[in-house]
Amino acid sequence: MNPEAKNFRAGFCGLIGLPNAGKSSLMNWLIQEKVSIVTAKPQTTRQRVLGLCTDEKGQVVFIDAPGLLAPRPVRRLGIHAFLEKEALDVINSSDVLLAVLSVDVDRKEDLDEVLGLVERSRKPFAVVLNKRDLAQYSHRRIRIETEIKQKFPDVRVFQVSTLAEHRRDSDTGEEIIQVLRDLLPPAPGPLYDPELYTPHALRELAAELIREQCFLHLHQEIPFGLAVRIQSFQEDTKSVSRVAADLVVNHANHKAIVIGKGGAVIKAIGSAARLAMMKLFATKVHLELRVVVRENWSGSATIMKELGYVVHNSN
């Protein structure tokens, strides 16, 4: 691979869609690596996550953004305001956009709003209709694709299922990457090391893997009011990663729920997160978790900043 070849293209592609549209699964599927965490709960993705796809013709830097929140008459505050600003800034900072539409959405008007937002950005874009494996929505999927092609005749529309297909068995993933790459601006070379599949440090990935397990093992409002803070991350000479992390909860009565009876819940979170880290890091992992209460952290700009929830505006 020669990433300095003539006519090389490189840039950022923002994945834009509603919560639970499958943006994170799609990015993992496209680059064939686990970068973004995935759960069935909305708002799993809180901060932009980058995934890299590089070949001799270009480098596509995918940006997995938080799901777009429905408009509301009053101004959002706290973590919800952050999610909204983060998603909009990804649109502003991207060179091209990939609108990710889920065929099982309740209201078609919500899909229209996503497409309208992408169109108003005046940036080149393509569309993915996700969850093709849901056979009960086959007629709806065809109707949506037809309407998109009528309104945007020059925009490519792809149908995928990140659950039922694997990129190695299909040319669809390669075609999506090729279309997006051709929409990117010319560049003298890649923006990131071509050998990487993400520029994020292992410390950042560790925090996300822990938070993924919190979403999977906790229910109701608990995971939405929980943040992960890595206190220490060390890699010693014995190929062991030693990670210590705080699970920061919104309210004192949430602490006992996260810990669970006899520590069962936090042990389950830690065990699953450790296995996920071992798979990703290719090392043994020693993980220590503790639960810390920061009352109403998700409504405090100061504490949110401490936890890294700050939008780094592109302008």
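None of the figures in this text is laboratory data; all of them are computed from the coordinates on show. The model shown is predicted, which means the values in this text are computed figures rather than measured ones. Methodologically, a virtual Cβ is constructed for each residue, glycine included, from the backbone with ideal geometry; neighbour enumeration extends over all protein chains shown.
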Charges only on Cβ, +1 for Lys and Arg, -1 for Asp and Glu: so what's the dipole of the stretch 200-315 about the Cα centre, in debye to the nearest 20?
320 debye
List the lysines whose alpha-carbon lies under 21 Å from that of LYS6, not counting same-chain residues fewer than 8 positions away?
LYS57
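Please sort by residue number the trypsin sites (Lys or Arg not before Pro) in the stretch 75-142 whose DSSP state is loop and whose Cβ has at most 13 other Cβ atoms within 10 Å. Let's see the in-between values first.
Values: sites: ARG75, ARG76, LYS85, ARG107, LYS108, ARG120, ARG122, LYS131, ARG132, ARG140, ARG141; in loops: ARG75, ARG76, ARG107, ARG122, LYS131, ARG132.
Those satisfying the criteria are ARG75, ARG76, ARG107, ARG122.
Share of Cα-Cα pairs in the stretch 202-306 beyond 18 Å, in percent?
On the way: 2457 of 5460 pairs.
For the stretch 202-306, the share of Cα pairs beyond 18 Å comes to 45 percent.
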Given the options LEU196, ILE210, LEU184, identify the residue whose Cα lies farthest towards the positive end of the charge dipole of the stretch 184-229 (+1 on Cβ of Lys, Arg; -1 on Cβ of Asp, Glu).
ILE210
Relative contact order in percent for the chain (Cα pairs under 8 Å, 6+ apart) equals 20 percent
Given GluC sites (Glu not before Pro), DSSP loops and at most 12 other Cβ atoms within 10 Å, the longest exposed-site-free stretch of the chain is 57-194
Compute the distance from the alpha-carbon center of the stretch 83-118 to that of the stretch 177-241, in whole Å.
22 Å
Which residues does a label at ALA256 reach in the stretch 199-230, if reach means a backbone N under 17 Å from a point 7 Å past the Cα toward the Cβ?
219, 222
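Please go through the residue pairs LYS41/LYS305; LYS131/LYS267; LYS255/LYS279 and name each one whose alpha carbons sit more than 26 Å apart in this structure. Walk me through the numbers before you get to the answer.
Numbers: LYS41/LYS305 24 Å; LYS131/LYS267 33 Å; LYS255/LYS279 29 Å.
LYS131/LYS267; LYS255/LYS279, as the Cα separations exceed 26 Å there.
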In the list (i) 154; (ii) 204; (iii) 163, the entry giving volume of the Cα convex hull per residue in Å³ computed from the coordinates is (i)
Using Cα pairs closer than 8 Å and at least 6 residues apart in sequence, work out the relative contact order for the stretch 9-183, in percent.
25 percent
Show that you can apply the helix-only estimate: for the chain, add -39,500 (n - 2.57) for every DSSP H stretch of four or more residues, divide by all residues, and state [θ] at 222 nm to the nearest 500.
-11000 deg cm²/dmol
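Using a Förster distance of 51 angstrom, determine the FRET efficiency expected from the C-beta separation of LEU202 and GLU119, and round it to 0.05.
Details: r = 38 Å, r/R0 = 0.75.
The pair LEU202/GLU119 has a calculated efficiency of 0.85.
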